[in-house]
Each structure stands twice: as structure tokens, then as C-alpha cells.
1. Whole-Hz Karplus ³J(HN,Hα) for segment 86-101, in order, using 6.51 cos²θ - 1.76 cosθ + 1.60 and θ = phi - 60°, x for Gly and Pro?
2. Output ³J(HN,Hα) for segment 152-157: one whole-Hz value per residue in order, computed from phi by the Karplus curve 6.51 cos²θ - 1.76 cosθ + 1.60 with θ = phi - 60°, and x for Gly and Pro.
3. Using θ = phi - 60° and the Karplus form 6.51 cos²θ - 1.76 cosθ + 1.60, what ³J(HN,Hα) does each residue of segment 112-117 get, whole Hz, x for Gly and Pro?
4. Modelling each spin label as a point 7 Å along the Cα-to-Cβ direction, I'd like the residue 46/residue 109 distance in nm, to one decimal.
5. Report, to the nearest whole %, how much of the accessible area of segment 116-162 belongs to carbon and sulfur atoms, 1.4 Å probe, protein only.
6. So, by mean Cβ neighbours within 10 angstrom, what's the order for 74-80, 86-92, 39-45, 54-60 with the highest one leading?
7. Take the solvent-accessible surface of the protein heavy atoms, probe 1.4 Å, and return the percent of it on segment 52-115 that carbon and sulfur atoms account for.
8. What's the extension gain from residue 148 to residue 55 if we count 0.36 nm per residue and subtract their Cα-Cα distance?
Amino acid sequence: SRSASRLGPAVAYAAMTALVVALGGIALVRAPNPPREGCQHLHGLSSPAEVKFDRQGIPHVRAGTEEDAYRVLGWLHAADRLFQMETRRRAAAGRLSEVFGAAAIEMDTEARTLGLGPQAEREFRALSVADLRLLEAYAAGVNAYVSSHRRPWELVALDTPAAASSIPPRKGAP
């Protein structure tokens, strides 16, 4: 009958949609998790550092210096939250629409109107040399992770690179 022949494509479409959703769910569940055990080599540390995760998965960092602790923290944050970090960086700069298209233009306009990027620059320029060194160590940890690991699946799906963290040179800083 005619109605049965019309139902065929709809059933096939529904089955294909269910298959795509199921495969996507499997990919999400099987996505690589940040390492929680073993040793990782992090270039630039002045001495070995140790990270222990408690039962809730919260990392506890022991390092020889504060700069080493910030470098490790940057690496850990990138391992756990690189997509979130990239999205927030773009949101503050008013550049979400570069990835999410027209749906994000209103948010970009608001961020640029509020001047979040220029305000962050002003606050950055006011940092002490000691705070700048810690920020540089943190960014180095983020960059170490970005340069040695695959992008998170969210960035791959959006065909978006993870930008390296950069701390611009500061006038008068050593």
C-alpha cells in the first residue's frame, strides 16, 4: 500500500538518527580522560612535582616552588577543561561567533560593549612581576598540554584549534 511505502523512508531515517546518536554517545563516553595515574613529564619544572587525586577527582599538587605548582596547575586545567577554557577566552574577547556562527553574535556584541578584553588587558598590565611569573608558569603548563595531547572531542567536532596561551611581554619586566 502507499502509506506503507511512505513509512519506509521515515523508519529508515529514524533508525539512522538513532544510530548516529548512539555512536555519538559511545564516542563521548569513551573519549580520552585526563591521566589520573602514572608519571607525566612536564618540561620546565625546577624539581619533581606530585599530583594526587582525592575520591571526588580533585587534584592536590605538591611542588618545590610556587611557579612549579602553577605550571602543573595549568597542565591539569588544560587536561580537564581545555574546551571550557577556549570557549571562555573567546567569550571574553567577543569572538564566540567565529566558532558558533550567527547564534553567538549577540553575546559577542555584549562582551565587546562591556569591554571585557580591554579590561583584562588593563588588569594584566597592573600585575606585579611576581604575579606575572606565576601567570607565565600557568600558561606554560597549558601550552605543554596543548602541544603534547589531542584536542578535546568538542574542539575536534567544531573543527577549532586550541589556541596557545600567551602572556605578552611586559614593558620593564625582566
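The values are calculated or read from the model by the stated rules, or taken from the named source; none is laboratory data. Nothing here was measured: the structure is a model prediction, and the numbers come from that model. Ideal geometry is used to build each Cβ from the backbone, glycine not excepted, and the neighbour counts take in all protein chains shown. Ligands, DNA and RNA are stripped out before the accessible areas are found, and what is left, the full protein with its side chains, is counted by its heavy atoms. Shrake-Rupley method; radii C 1.70, N 1.55, O 1.52, S 1.80 Å.
1. In residue order, the calculated couplings are 5, 5, 5, 4, 5, 4, 5, 7, x, 10, 5, 5, 4, 9, 9, x Hz.
2. These are the phi-based 3J(HN,Hα) values: x, 4, 5, 5, 5, 4 Hz.
3. Result, ordered by residue: 6, 5, 6, x, 4, x Hz.
4. The modelled label-to-label distance comes out at 5.0 nm.
5. Result for segment 116-162: 57 percent of the exposed heavy-atom area is carbon or sulfur.
6. Going from most to least packed, we get 74-80, 86-92, 39-45, 54-60.
7. Solvent-exposed carbon and sulfur of segment 52-115 make up 52 percent of the total.
8. Extra length available between residue 148 and residue 55 comes to 30.8 nm.
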